[in-house]
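Structure first, commentary second.
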Amino acid sequence: MIKYHPQQELLSLHIKGELPLSMSLAISAHAELCGTCQHKLNLMTASESADVFDNHVEPNISVDLDSKMSFLLAQMMQNTLDELDAKPAAPVNEGVTEVTVKDQSYPLPRAFRHQINAQWQGIGKVSRLRLNTGEEHARASLLHIAPQGEIPEHTHKGSELTLLLAGEFSDEYNTYRPGDFMLLDENHQHSPKTMTGCLCYTIVDAPLYFTKGFSKLLNPIGELLY
């Protein structure tokens, strides 16, 4: 059962097209996994559309279409439909429908299928695949942690969004399931670990700050790693 969802404000900004691409992808992918939020988005979209049409002022133009003009328009429409029916349907490009990492394959939400154009990189049990969203500071990635893997304890210099797509992981706060949508900032310190492996979508807008052990040696080059 999904326990963590986007806030109402994020959903509203999403349907208005006012979110950056990285966050819009996260909302769309979450909605594919969460019927509750998909239903909310449907209702909000319908309400937003009604508001737009209700507030639209029609120009004061009087158009008198006689029967001949109506016939010509109908004939043109029918000819167009006949031409479309005569042409074979173009194949639909579904993009990348799944990713494989560490010999494990995962189906991708539709939101990501046309964003995959890089290779996996990683160290040990942690692998990352960058998504190019065209944003200067925010880094969007698919993040894979292999079974029995973990990310060393860290906090955040900025914000971090994690959307769990498959598998499970846990930290000092809870255990998470596919669809969970978590936003963390500099007030959170945690060490995510997984027993069975997981695939996540992450967005960070500043380097992580590691707080324990040898991983602290990575902090001076954090700008290159995040």
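The values are calculated or read from the model by the stated rules, or taken from the named source; none is laboratory data. Everything numeric here is computed off the predicted structure, so don't read it as measured data. Don't worry about glycine lacking a Cβ; one is built from the backbone with ideal geometry, like all the others, and counts go over all protein chains shown. What goes into the accessible areas is simple: the full protein's heavy atoms, side chains included, and nothing from ligands, DNA or RNA. Shrake-Rupley method; radii C 1.70, N 1.55, O 1.52, S 1.80 Å.
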Self-check item: Considering residues of region 132-156 that are in contact (Cβ under 8 Å) with a residue 60 or more places away in the chain and outside any strand (DSSP E or B) only, the residue nearest to PRO107 (Cα to Cα)
Solution: THR133
Self-check item: Test for ASP171: is it touching a residue at least 60 places away in the same chain (Cβ under 8 Å), in contact with a His (Cβ under 8 Å, 6 or more places away or on another chain) and either among the acidic types (Asp, Glu) or open to solvent by 70 Å² or more (accessible area, probe 1.4 Å) (or both)
Solution: no
Quiz item: Which residues, counting only those in region 96-111, are open to solvent by less than 100 Å² (accessible area, probe 1.4 Å), part of a loop (DSSP other than H, G, I, E, B) and over 16 Å from SER22 (Cα atoms)?
Solution: VAL96, THR97
Practice problem: Could you check, for region 38-58, whether at least one of its residues is at pLDDT 95 or above, closer than 22 Å to ILE203 by Cβ and not in a helix (DSSP H, G or I)? | Solution: no
Quiz item: Can you tell which of HIS188, HIS114 is in contact with a strand residue (DSSP E or B) (Cβ under 9 Å, 6 or more places away or on another chain), outside any strand (DSSP E or B) and surrounded by fewer than 20 Cβ atoms within 10 Å (Cβ to Cβ)?
Solution: HIS188
Quiz item: Looking at LEU163, LEU199, LEU217, LEU208, which is the one that is within 19 Å of ILE2 (Cβ to Cβ) and either touching a helix residue (DSSP H, G or I) at 6+ places or on another chain (Cβ under 8 Å) or open to solvent by 20 Å² or more (accessible area, probe 1.4 Å) (or both)?
Solution: LEU163
Exercise. Examine region 156-163 for a residue that is of a type in the set (Ser, Thr, Tyr), within 23 Å of the chain's Cα centre (by Cα) and modelled with pLDDT of 95 or more, and state whether such a residue exists.
Key: yes
Exercise. Quickly run through region 131-157 and pick out the residues that are among the aliphatic types (A, V, I, L, M), out of contact with any Phe, Trp or Tyr (no Cβ under 8 Å at 6 or more places or on another chain) and over 16 Å from SER24 (Cβ atoms).
Key: ALA146, ILE151
Quiz prompt | Among the residues listed as LEU13, LEU25, the single one being under 25 Å from LEU184 (Cβ atoms), without any contact (Cβ under 8 Å) to a residue 12 or more places away in the chain and either open to solvent by less than 70 Å² (accessible area, probe 1.4 Å) or assigned to a helix (DSSP H, G or I) (or both) | solution = LEU13
Practice problem: Please state which of the following conditions SER215 fails to meet, knowing it meets all the rest: (1) touching a Pro at 6+ places or on another chain (Cβ under 7 Å); (2) outside any helix (DSSP H, G or I). | Solution: (2)
